[in-house]
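Engineer: Below you'll find the structure I mean.
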Amino acid sequence: MERAMEQLNRLTRSLRRARTVELPEDNETAVYTLMPMVMADQHRSVSELLSNSKFDVNYAFGRVKRSLLHIAANCGSVECLVLLLKKGANPNYQDISGCTPLHLAARNGQKKCMSKLLEYSADVNICNNEGLTAIHWLAVNGRTELLHDLVQHVTDVDVEDAMGQTALHVACQNGHKTTVQCLLDSGADINRPNVSGATPLYFACSHGQRDTAQILLLRGAKYLPDKNGVTPLDLCVQGGYGQTCEVLIQYHPRLFQTIVQMTQNEDLRENMLRQVLQHLSQQSESQYLKILTGLAEVATTNGHKLLSLSSNYDAQMKSLLRIVRIFCHVFRIGPSSPSNGIDMGYNGNKTPRSQVFKPLELLWHSLDEWLVLIATELMKNKEDSTDITSILLKQKGQDQEAPSLSAFEPPGPGSYESLPPGPGDSKPEVLAGEQEASADCQDVISVTANRLSAVIQAFYMCCSCQMPPGMTSPRFIEFVCKHDEVLKCFVNRNPKIIFDHFHFLLECPELMSRFMHIIKAQPFKDRCEWFYEHLHSGQPDSDMVHRPVSENDILLVHRDSIFRSSCEIVSKANCAKLKQGIAVRFHGEEGMGQGVVREWFDILSNEIVNPDYALFTQSADGTTFQPNSNSYVNPDHLNYFRFAGQILGLALNHRQLVNIYFTRSFYKHILGIPVNYQDVASIDPEYAKNLQWILDNDISDLGLELTFSVETDVFGAMEEVPLKPGGGSILVTQNNKAEYVQLVTELRMTRAIQPQINAFLQGFHMFIPPSLIQLFDEYELELLLSGMPEIDVNDWIKNTEYTSGYEREDPVIQWFWEVVEDITQEERVLLLQFVTGSSRVPHGGFANIMGGSGLQNFTIAAVPYTPNLLPTSSTCINMLKLPEYPSKEILKDRLLVALHCGSYGYTMA
Amino acid sequence: MAQTAMSETYDFLFKFLVIGNAGTGKSCLLHQFIEKKFKDDSNHTIGVEFGSKIINVGGKYVKLQIWDTAGQERFRSVTRSYYRGAAGALLVYDITSRETYNALTNWLTDARMLASQNIVLILCGNKKDLDADREVTFLEASRFAQENELMFLETSALTGENVEEAFMQCARKILNKIESGELDPERMGSGIQYGDAALRQLRSPRRTQAPSAQECGC
């Protein structure tokens, strides 16, 4: 009965409190009953439950084998903690990782729990399995106030963890200033090394804890490297911690020089070093000058090493260019106030700021002397040996007609070396020495060319960083002019130099033109690579190509008004961002990514030539387009031309191909190449023939009575337009007819659409600098914009006609097709362009090739063979005029010469 | 992260030149000094070659940055552009060739004019091992050295005799001049730079200064 009453009583109590009122017998179940109460510090309940039970308060449970005291300390349940301690809980009980309740209280900053634990004589010196003590835990989290209390109880403030790290190490690493001070005040060893020899200062520096480092240095911390010789400064520089470096230098001024010397270390990341030096240089004008002078000295020594032949070219070259890049960067940024920085920089040689370039003068002087030396040797060489090129030609000329060939192909690298001693044997012995000297001279050039070119690049960088952007330093231009011959000799022997080191050419049209013929003779592929390399070089973080796009940068266009809405949004968009990446989304659609961008360019390239907008007209062959001289019927036409230019520029920038083919003359306009009368054929083939006729025939006695003017129809009224000032009264004669043809060509091809061209180029140049596009000719530009087409040679053979004596079965024709099969895809495209003027194979294949007046099959016409003769073509009738070559080899050779040279200028063909 | 020790440790850096006629063995001297080996397949130097070595001179670590110049006349203008800012130079002739000895005056003028008035020079009569073919006597050369305030040694790049000594003597003289205040490393174009000595001195308790402090103490 009594039992039953008690049972009932218990039941009511339990129900009222919504919990059990009796601890289960077995410890494991009991502890999980108690744990939530301890966590919530429900000490009354805990006390009640514990009062009548046999529960072992030191029972360890769970994965890490903690007691309830751990739980209380961890959660800051101070009442429960006291209760448990009173019940005999062991304050020094260690869990599986060796942590005591005190460790947990310290880690979590449970102040009251900590002091109670200490009251119950918890041991502060116990280490966990990693060797961490309570003060380590406090130091990690920067709990200075608690630390202050705790250190009174600690026997050794420098107690080490498993890695030999003290609380001071961890506090420094985490940058807890007051904790560091507290530990130091408590007598912590300021220079204590850990197992790898790292001191607290080392730790502070490795994480760029500027303030902590300052405290340590102020209190006399020594500057010590670790056991591997890595110094605190090394760490700061590796991490790019400019401010921490600054503190180190304050206390150890010599380190200044060390940082400057570090620029030679190729293991260090350039951007980190640059960041540090930039920070330091911005502290004061004197610091700025000191850093730059130091860098200039290091660069000079490196440059001199690069010029000594036994040094490692690759390493030394990279080192020099890196130092100079950093130098120029720091120079340009200027000391603290950037506004006055630049002005003073290029204010001539009088301001102190340009003094920083002085040490480099030594290097430039050496460079100059080297180039002069080589020029002298070249000169001597020319006088000594009979003209090398002529020997070269004689050699090659046995079986082929070399003169024209070599005019197009500059002697490749190594061609000089392969020369036989030649005239040496027939000359008296006295000359033998000179012969040797000249061979030696060739040697000097080949071994120094790369090295000197790298120094030239460095020189250019230094010259241009003193100039406003976009201007080439007169000093550098003068330099190039002075050493013109040597530089050309370098690039002739090894054209790769242009791409590796002569970047200045791209930035300076005056200089570019001097080297253009060499550049254009380089393979299309190499120029493409160079083009894209430079197109993207100016962009920040070019290593991060696919950055996530922010919502604001997405171009949102309407499908039903794609042309107009795209035009609007592109004209508003940030040009620099578009250069980095494009993201397009169609209104009301979810899709985004490369596919959508692709589709956008596809649709737009069709829309641009949509006749409804009247922007472009088809040319006579029906497949290519050019600006419509009457586009002004569309009042907004110039805006749209600018947009068209932007789209093509963007497409080129992002390597997206467009499905438009333009007339040869329009490609020339994009490139800034003057048009010639043959281009007229694309808009008016008959008229082009007439111009050709004038040029081909003597017009003196024909009585044409032409003047330098033309009549045109302006809104129905005939008007006389002079081709040049006073042209109406200047007669066209046999002597000036070429000028007449040129002017009239320009009138038809250029002046009639000048505003449209200008607007187009304005848009195009926003994404593609004119200097870069110059690397290509009009044929290559087409390939760049519209891609390399697939060519089906069988289809081509099937749809080819023969005339003026050729038959399909003729050996020459057989050879021709064999050669077409042999050559590369790229060369086949060149051939197609050479004959038809376009790289495009129309839909339906070669059967549908158009000429100036309707369908016009590819045709091969015979021309009598004379030595030297190259194939020619009439693009308006798709005719290849192929001489009757005596052998397949000669045919192939001549054809390739025509293709490779014909693609840059008709004048040579 | 693989961390490498980044700075070499030395107290001073001296810029050195090796000058003299073609074929006197300048490159071989440099090679012997750095590699402790004789260089068999020696060609004419093109322009200027470079070598460096850290030596201990009376407890101080000195890094020598040595520019070995071509002796051939055609490189003269190029090599001259390396003279500026040199602190010391080895002036080399071949004891078996009077012609190389006769050219010394020109080299000497060049060095003093283009490098610095204070440049420390040591005259090296190289190819000492070819005594049988000697054309220039020791006495004559040492008289020349005396008249021109040069240090003087006869060396052999083949056997290595006196090679290190030549570089050491020259470095020692420069160091003395620094200590006596005759040379100021801080001055631009002195050809001398301070190294990162602070680092070394802290790492191992001052090797050079501790004993002297004791001497003073007692």
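The values are calculated or read from the model by the stated rules, or taken from the named source; none is laboratory data. All values reported here derive from a predicted model rather than from experimental measurement. Neighbour counts run over all protein chains shown; Cβ positions are idealised from the backbone, glycine included.
Engineer: Within segment B:85-127, work out how many residues are crowded, with 24+ Cβ neighbours inside 10 Å, assigned to a helix (DSSP H, G or I) and aliphatic (A, V, I, L, M).
Structural biologist: 1
Engineer: Restricting attention to segment A:782-793, which residues are in contact with a strand residue (DSSP E or B) (Cβ under 9 Å, 6 or more places away or on another chain) and either among the acidic types (Asp, Glu) or modelled with pLDDT of 90 or more (or both)?
Structural biologist: Within segment A:782-793, just A:Glu782 meets the criteria.
Engineer: Would you check which residues across segment A:300-329 are touching a Gly at 6+ places or on another chain (Cβ under 7 Å) and more than 14 Å from chain B (Cβ to nearest Cβ) and list them?
Structural biologist: none
Engineer: Report the residue count in segment A:207-261 for those that are farther than 20 Å from A:Arg274 by Cα, surrounded by fewer than 18 Cβ atoms within 10 Å (Cβ to Cβ) and either more than 8 Å from chain B (Cβ to nearest Cβ) or among the hydroxyl-bearing types (Ser, Thr, Tyr) (or both).
Structural biologist: Selection size over segment A:207-261: 6.
Engineer: Next question, about the same structure. Grab the helices (runs of 4 or more DSSP H) fully contained in segment A:437-529, keeping just those with 2 or more residues being closer than 25 Å to A:Leu362 by Cβ and away from chain B (no Cβ under 14 Å).
Structural biologist: Hits in segment A:437-529: A:474-482, A:484-493, A:496-501.
Engineer: Answer with yes or no whether A:Gly88 is at pLDDT 90 or above, surrounded by fewer than 16 Cβ atoms within 10 Å (Cβ to Cβ) and under 21 Å from A:Asp123 (Cβ atoms).
Structural biologist: no
Engineer: If you don't mind, there's one more thing I want to ask. Scanning for something without any contact (Cβ under 8 Å) to a residue 40 or more places away in the chain, part of a loop (DSSP other than H, G, I, E, B) and more than 36 Å from the chain's Cα centre (by Cα), does segment A:741-762 turn up at least one residue?
Structural biologist: No, segment A:741-762 contains no residue that is without any contact (Cβ under 8 Å) to a residue 40 or more places away in the chain, part of a loop (DSSP other than H, G, I, E, B) and more than 36 Å from the chain's Cα centre (by Cα).
Engineer: Still on this structure, please answer the following. Among what's in segment B:43-77 and is surrounded by fewer than 21 Cβ atoms within 10 Å (Cβ to Cβ) and of a type in the set (Phe, Trp, Tyr), pick the residue that is nearest to B:Leu30 (Cα to Cα).
Structural biologist: B:Phe50
Engineer: Identify the single condition in (1) of a type outside the set (S, T, N, Q); (2) at pLDDT below 90; (3) in a loop (DSSP other than H, G, I, E, B) that A:Ile96 does not satisfy, given that it satisfies every other one.
Structural biologist: (2)
Engineer: I need the full set of residues from segment A:174-230 which are over 21 Å from A:His148 (Cα atoms), hydrophobic (A, V, I, L, M, F, W, C), touching a helix residue (DSSP H, G or I) at 6+ places or on another chain (Cβ under 7 Å) and assigned to a loop (DSSP other than H, G, I, E, B), in order please.
Structural biologist: A:Ala221, A:Leu224
Engineer: Another question, then. Look at A:Glu25 and say whether it is more than 25 Å from A:Val82 (Cβ to Cβ) and in a loop (DSSP other than H, G, I, E, B).
Structural biologist: Details: more than 25 Å from A:Val82 (Cβ to Cβ): yes; in a loop (DSSP other than H, G, I, E, B): yes.
Considered against the rule, which asks whether it is more than 25 Å from A:Val82 (Cβ to Cβ) and in a loop (DSSP other than H, G, I, E, B), A:Glu25 comes out as yes.
Engineer: Answer yes or no: is there a residue in segment A:278-286 that is facing another protein chain (nearest Cβ under 10 Å), within 30 Å of A:Pro200 (Cβ to Cβ) and surrounded by 17 or more Cβ atoms within 10 Å (Cβ to Cβ).
Structural biologist: Scanning segment A:278-286, I find no residue that is facing another protein chain (nearest Cβ under 10 Å), within 30 Å of A:Pro200 (Cβ to Cβ) and surrounded by 17 or more Cβ atoms within 10 Å (Cβ to Cβ), so the answer is no.
Here is a yes/no grid of residues against (1) at pLDDT 85 or above; (2) closer than 21 Å to A:Ile877 by Cβ:
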site: A:Gln646; (1), (2): yes, no
site: A:Phe662; (1), (2): yes, yes
site: A:Ala688; (1), (2): yes, yes
site: A:Gln692; (1), (2): yes, yes
site: A:Phe715; (1), (2): no, no
site: A:Met718; (1), (2): no, no
site: A:Gly728; (1), (2): no, no
site: A:Gln734; (1), (2): yes, no
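Engineer: Could you tell me how many of the residues in segment A:259-288 are in a loop (DSSP other than H, G, I, E, B) and within 26 Å of the chain's Cα centre (by Cα)?
Structural biologist: Result for segment A:259-288: 7.
Engineer: Which members of segment A:491-524 meet the condition of being touching a residue at least 60 places away in the same chain (Cβ under 8 Å) and either at positive phi or among the β-branched types (Val, Ile, Thr) (or both)?
Structural biologist: The answer is A:Ile518, A:Ile519.
Engineer: Still on this structure, I have one more. Any residue in segment B:103-119 that is farther than 16 Å from B:Glu182 by Cβ sitting within a Cβ distance under 7 Å of a residue that is of a type in the set (S, T, N, Q) and in a loop (DSSP other than H, G, I, E, B)? List the pairs, counting only those 6 or more apart or interchain.
Structural biologist: B:Ala103/B:Asn21; B:Leu108/B:Asn148
Engineer: As an exercise: evaluate A:Asn90 against (1) out of contact with any strand residue (DSSP E or B) (no Cβ under 6 Å at 6 or more places or on another chain); (2) part of a helix (DSSP H, G or I) and give the number of the one condition it does not meet.
Structural biologist: (2)
Engineer: Please pick out the residue among B:Gly85, B:Gly23 that is at positive phi, among the small types (Gly, Ala, Ser), within 13 Å of another protein chain (Cβ to nearest Cβ) and more than 13 Å from the chain's Cα centre (by Cα).
Structural biologist: So the residue among B:Gly85, B:Gly23 that is at positive phi, among the small types (Gly, Ala, Ser), within 13 Å of another protein chain (Cβ to nearest Cβ) and more than 13 Å from the chain's Cα centre (by Cα) is B:Gly85.
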